[in-house]
Structure formats: C-alpha cells, structure tokens
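The values are calculated or read from the model by the stated rules, or taken from the named source; none is laboratory data. Keep in mind that what you see is a predicted model, and the values were worked out from it rather than measured. Note that we place each Cβ from the backbone using ideal geometry, even for glycine, and neighbour counts take in every protein chain shown. Heavy atoms of the whole protein, side chains included, go into the accessibility calculation; ligands, DNA and RNA do not. Shrake-Rupley method; radii C 1.70, N 1.55, O 1.52, S 1.80 Å.
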Amino acid sequence: GMRISCIRQVSTFITTPIFYANGPPHLGHLYSAVIGDASHRWNRLKDPESEHFFATGTDEHGSKIAKTANEKGLTSIELCDQVSASFRHLFKEFDINTSDYIRTTEKRHRECVEAMWKRLEAANCIEKAAYSGWYSTTDECFYKEGDIEDGSEGKIAKETRSRVEWHEEENYMFKMDQFHERIRTWMTKNDVIRPKNYLPIALRYIEGETRLSISRDSSRLSWGIPVPGDSQQTIYVWLDALCNYLTVRGFPDCMAASSWPPTTQIIGKDILKFHAVYWPAFLLAAGLDLPKRLFVHGHWLVDGSKMSKSVGNVIEPLSMSETLSKEGLRYFLLKQGLPHDDSNFALLKAINVINADLINNVGNLVSRACATKINPGQVYPYVDILELHDEISDSANPLVAEMNALRDKVIPLYDKLLFYKAIEEIMALSKLTNAFFQVHAPWKLSQGAKLSTVLYVTYESTRIIALLMQPITPKLADFCLSRLGISSEFRGLDTATFGGGPKMDQVGRPLGEDKGLYMERIEVPKEKGNESNGEKEKKKKTEKT
C-alpha cells in the first residue's frame, strides 16, 4: 500500500547489527546495543534541534534457524517470535532507546530486499552459474580451498573452526571484483574503519572476493526470501540481512538524500568482512552512498576465556543485572569495553568499579552534599563566581579549571565513540570533587559564606559531571540533576560550565526532592563461583518451596 509519510531528514543515523534469532541475547549483543544507545543519546545531547535515528533488530532467516526451530519442536516463525521478543525486552530493560526495531521476517523488509535484488539485476551485476565450494552451515558462507583444513570430524574452516561440506549447485552470482578499487578507496581515503587497527584486516578481505554466490538452492535453504521470479532459489542470508539498514529508512519508496547513508554502523569484529566488503559492493551496484563510518568492537571474554555454551560461561545480561543493576552493567560495559581489542568480564572487578564510580564517587556525593544536616534550607546557594570565598578559593580554583575544561575534553571522545576514555576524564573530575568535599568537611562548618561556597562548588561540579554522564548512565544523571533541582530545559551541553546553570538571585534556588540513595552498595555474592546458573536456579526454587 501507499506509505503515507516519508522519512524525515536526519543528521545522524546509527545502526547496530541485527542480531541472529538463533538463541537468547548474551553480553556481546548488549554491548553493541549499549554503544549505539550511548552514541545516539550523545548526538541528541549535542544537537537537540536535529532529528537523530538509531536502529536495531533481529536477523531471522537461514537454515540454522530452521534447524534450531525443528529441534525445539517449533515452526521457524515461532522460534523467531520468541527470540526477537527476548531481544526487544532486553533492550527495553537496559534503556536502549531505538527509533526502529526491524525484523527480517516483516513484509516491509521482504519488499526492500526484492527491490534491492532487482536493482542489482538491472545494473547487470548478477549472473547465474554453477558453483561449488566448501560450505559452512554454521557460518552461512562458502570457503576457499586455502581457508579450510582437516578437523577431528572432517574438513573445517581455519578461521572459525566450523565444519564445512562440499556443495555443488547452480546459484546466482554477484560480480564483485569490479568494485574492489572503489571499496579500497572508500576505506583508505575516508577513515571509515574505526578503530584504525581493523583497517589492514578489512583490506585483506577485499582481495579474496571476486564473485559472490547470492542465492542458494531452495531445497537446501527454504527459510528465507525467494529470488524474485525464481522460486527455486532463496536469497543468500547476508544479502537479505544487510538490506535491513535500507528497510528502516523506507527503501525504495522514499529515500530522501538526507536520510541516507548511515553515519555510524556498529559491528562486532566477526562480521567485519560482510560490512566492509559485501555491503559497500551491494550499495555501489545499486547506486547508493556508502556508510560514513564502521565502528568495530572486539569480543567479551569471561575471566579471560571465550564465552561458550559448552564451558557454561555465557553471561546472560538480565540475570547478571540482578547483581550489578542494569545501569551498573551498562556502565561497566562502556568503561571496561575496549573497542580495539577483546574485553574481559570479571564479576569482582565489575562490582568494585560500580561501587567506586557510580555509587560512591557520584551518587553518594550528591546525597551527602545535599543532606539536610549540612543544608537545612535545602537551597542551591547563590555565590558570586568571580569572588569565591578567600579561604576556599585556593583549593577551588584548580577544581573550577577542571570543571570548565571537561566538556571540551569529552566532546571529541564521545564523537569517536571512545566512551571508556570519556569516562576516565569524567571520573578524574569526580575524584577531585570528592577530595575537595572531604578537605573542607562542610558538616563541621557553621552556616555562612564559607559553607555556601563549599556547597556551591561541589554542586556545580556534580552538576557538570551528571550532565556529561547523560549518554552513559541516564538514570544516575537524572537522579543527580533532579536532586540538585536542575529541570530538563537546563540539561544541555551549553550549561556544562562553572556557573553555567539556571540563573538565580541572592536567595539561591530550591534543591529537588530527596529520594534517598541512588543505589545501595553492591555486595559480593556469597555463592561459590563454580556453580552453574542451572544449579543456582535449582537452589532458588528449593529455597522458595
């Protein structure tokens, strides 16, 4: 039918990968989504006048899904409905604020993929040919002779260790090599691949791909989108999945120039080849602009080893958040996650980081500094910022200089999605503020100009810290700003300087309501570390009964 409204212009467009609906979400999926969300929130904070767009979703076709569904006694769509709902629930719980959530089983997506296929055909980039090669059902792709080796139970792919089988069939092929040069130029001239250490890997991937099989015989792959005009063939899962980024922008009906291309596409390093080589080739063939930036991140290890079902160390984010809190886990992922490398998840470290940074340095400082004991009138005091109290100014001035420098330090870091570095800068100011508060011990001071100055400097610093943490920990930021009496129209970047908050007269302004603590300190769980989740669940059930 007619699409009534076409998509509005956007100044930023962020995507996460769409997640494979083969099993429940784990830590790595949440990490991709949290990076996207923090970046989206940052864009909105930095440029509140413009439209910003952020998309995620689930990738629901392929023989792996059909196989898993079959093993569980479900139809393919029943499995997809369940898994997609679990991702959607996870994102809601972790404040992942997306503009769209796409499922590749939706009608709008099928129409988009069919339109894309027809474009590639019209551009004379598709031919039918006999094709043979080593195929991995797990990785959904073919491997060359040089990329496989003997495993314990037959041939396997060197890179992923997945089993491969020799397949021969007639498929539609996409002529890839004509785009090699343009892809190489795009990658090298525009600083597209971030962090830069992934660029050499991406460049190596280009060489290998001359012709790409973009369909499978439907007897081998039935769960997918049929090739337009040839129901004997099913469209290759990766071509189908990559088109999701076009679907969410209304392709092909209404692609306004300003709604394309994506400004940042977040991907795990395991899908770099598909996004750095296949994806730009398809876009070039279709005459569409290429993404401005691919932001690649490493994987999460748990206590130094790879997450795997067989080892039983896969971290399920919602159950982990029962210990760490949702915002605590979100914060830890952004602080501890190093995009250029694999990151390590260790429970004790996570507890210590969250307790020290969020609970002590930020949350509790606001609660203590606003306590009725030291501020019985519950006002944000008025202080002339040009004439700070003599006894305070020596220790306040360096702190004020840091407050005023923080915004400009974090802007380029947030722009580059280097959240762990922005957090470092913010926490450095937080430690200085705590030290200032301790040194002047306001609980020992009597009411008067000196106490007002100590409180004012502390409030200003925590206000700036909270403002700049909005993309990282939205709830903690709101807790602090609300307690300080800062209403939503005064939470923009323009207010992030000493004295830059709402104007006030000599009387000062009222503080916000005291809602208690941001969060209780997290205690280390008493359970023995070697119990699997299954055993813990059983224990809980028996305790309840």
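Listing for the model above:
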{"quantity": "Region 301-402: translational diffusion in µm²/s, Stokes-Einstein, Kirkwood Rh over Cα pairs, 10 °C, 1.306 mPa s", "calculated": "92 µm²/s"}
{"quantity": "R0 of 30 Å, Cβ-Cβ distance D47-E424: FRET efficiency to nearest 0.05", "calculated": "0.80"}
{"quantity": "Span-rule helices in the chain, defined as complete DSSP H runs reaching 18 Å or more along the axis (Cα) with Kyte mean at least -1.0", "calculated": "27-46, 76-93, 390-415, 419-440, 449-469"}
{"quantity": "Surface accessible to a 1.4 Å probe, S488 within the full protein complex, Å²", "calculated": "90 Å²"}
{"quantity": "Relative contact order for region 117-266, counting Cα pairs under 8 Å that sit 6 or more residues apart, in percent", "calculated": "18 percent"}
{"quantity": "Apportionment of accessible area to carbon and sulfur, the chain, percent (1.4 Å)", "calculated": "50 percent"}
{"quantity": "Accessible heavy-atom area order of M504, M403, highest first, probe of 1.4 Å", "calculated": "M504, M403"}
{"quantity": "Across K144/K292; K72/K526; K196/K273; K421/K475; K292/K409, pairs whose alpha-carbon gap is larger than 25 Å", "calculated": "K144/K292; K72/K526"}
{"quantity": "Where D230, D289, D384 fall by accessible area, highest first, once all protein chains stay in place (1.4 Å)", "calculated": "D289, D384, D230"}
{"quantity": "Gain in span if fully extended, M504 to K155, counting 0.36 nm per residue against the direct Cα distance", "calculated": "118.3 nm"}
{"quantity": "Computed E for S11/D514 - FRET, C-beta separation, R0 51 angstrom, nearest 0.05", "calculated": "0.85"}
{"quantity": "Nearest-10 value in Å² for the accessible area of E114, using the 1.4 Å probe", "calculated": "50 Å²"}
{"quantity": "Förster-model FRET efficiency, 22 Å R0, R211 and E145, C-beta, rounded to 0.05", "calculated": "0.90"}
{"quantity": "Tail beyond 35 Å, pair distance distribution of the chain (Cα, percent)", "calculated": "44 percent"}
{"quantity": "For P474, net neighbour charge (Lys/Arg +1, Asp/Glu -1) across residues whose Cβ lies under 14 Å away", "calculated": "+2"}
{"quantity": "Anchor K373: aspartates and glutamates whose Cα lies under 20 Å away (excluding residues fewer than 8 positions away in-chain)", "calculated": "E460, E513, D514"}
{"quantity": "Per residue value of the accessible surface for the chain (all protein chains in place, 1.4 Å probe), Å²", "calculated": "45 Å²"}
{"quantity": "The chain - percent relative contact order, Cα under 8 Å, separation 6 or more", "calculated": "15 percent"}
{"quantity": "Label point distance in nm, K189-A371, each placed 7 Å from Cα along Cα→Cβ", "calculated": "6.3 nm"}
